[in-house]
Amino acid sequence: MKIGVFDSGIGGLTVVKSLLEHQLFKEIIYYGDTARVPYGVKDKTTIIRYAIEAVDFFKEFSLDLIIVACNTVSAYALYEMRQRAKCPVIGVVEAGVMATVNILEDTDSNILILGTKATINSKSYEIGLTNSGFKNLQAKETSLFVSLVEEEIYSGKILNETFKYYFKDIKQNPQAVILGCTHFPLLKDELQKYFGEDTKLIHSGEAIVEHLSLQFDFSKKHQNPKIQFFASENTDALKKIALKWLQT
Ligand code: DGL
């Protein structure tokens, strides 16, 4: 399969990393809308407009599948993208809900949902989890994490202060934290340290792999897939970060 992976910026690379680790696809076209990131502070109509433009960007590649490696876009624009695209379009939110439900045995588990302002306002995760019987939910928008990651700040004083600022009112230590933004796995180590080893972190990349495995036959592995990177601005910077991240 030849697939497209779309995010507002570099966050979707965390999803590409999972796809590569599991050797699922023969060819991957990555598109990051780096000229207009962040999406998470924008309103619904703008997010939908940008998402439709991303479908148009992919048109010339004759793809078999588009993976929306952005929770914000998955929360608001999947329907519109599906209307526009000539291939299936899969988003990370549904996959994240499923992964959380699968990992937690007890529906009383305390779950903390992190995401951009737009994703948290959409209540997409809460709706999915409530429908599966989970009620002990806290949601926190942590939009600044996106800017920190785009600035390649993955640890240190500024990040610690940002944790304190966002997490000061979090009640009891959560059993699971949903990294409801594909930028956030880049902060995974620091988040794990902050919440402790017992807290499970739900990662959009791993979740989408699990989700895709239910729908497609991946018995044939692709060890050396062809990957092309595109960005709406400064493609070289995106390629540089991609090389660094996909190798570590
Ligand atoms: N990486 C995106 C997500 O998963 C959003 C980042 C942004 O553009 O605000 O929600």
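Name, by its number, the condition in (1) under 21 Å from Leu187 (Cα atoms); (2) modelled with pLDDT of 95 or more; (3) outside any strand (DSSP E or B); (4) within 16 Å of the ligand (Cβ to nearest atom) that does not hold for Phe6.
Status for Phe6: all satisfied but (3).
Residue by residue through segment 110-137, note down the ones that are outside any helix (DSSP H, G or I), in contact (Cβ under 8 Å) with a residue 40 or more places away in the chain and closer than 20 Å to Val68 by Cα.
Passing the criteria: Ile113, Leu114, Gly115, Thr116.
Could you check, for segment 173-182, whether at least one of its residues is within 14 Å of the ligand (Cβ to nearest atom) and of a type in the set (Val, Ile, Thr)?
Yes: one or more hits.
Output the qualifying pairs, or none if there are none: Cβ atoms under 8 angstrom, residues six or more apart or on different chains, first residue in segment 1-17 and farther than 15 Å from Tyr50 by Cα and touching a residue at least 12 places away in the same chain (Cβ under 8 Å), second residue surrounded by fewer than 24 Cβ atoms within 10 Å (Cβ to Cβ) and small (Gly, Ala, Ser).
Lys2/Ser62; Ile10/Ala242; Leu13/Ala242; Val16/Ala242
Can you find, within segment 30-66, the residue that is nearest to the ligand (Cβ to nearest atom) among those that are under 14 Å from Gly9 (Cα atoms), of a type in the set (A, V, I, L, M, F, W, C) and not in a helix (DSSP H, G or I)?
Val37
Ala75 - would you say it is free of Cβ contacts under 8 Å to residues at least 60 places away in the same chain and closer than 18 Å to Val37 by Cα?
Yes, satisfied.
Quick one: which residue in Lys140, Lys86 is part of a loop (DSSP other than H, G, I, E, B) and either surrounded by fewer than 16 Cβ atoms within 10 Å (Cβ to Cβ) or within 16 Å of the ligand (Cβ to nearest atom) (or both)?
The conditions single out Lys86.
If you check Val15 against the conditions, is it of a type in the set (A, V, I, L, M, F, W, C) and farther than 21 Å from Asn224 by Cβ?
Here the answer is no, as Val15 does not meet what is asked.
The values are calculated or read from the model by the stated rules, or taken from the named source; none is laboratory data. Treat the numbers as computed from the prediction; the structure is a model and nothing was measured. Backbone-built Cβ (ideal geometry, glycine too); neighbour counts: all protein chains shown.
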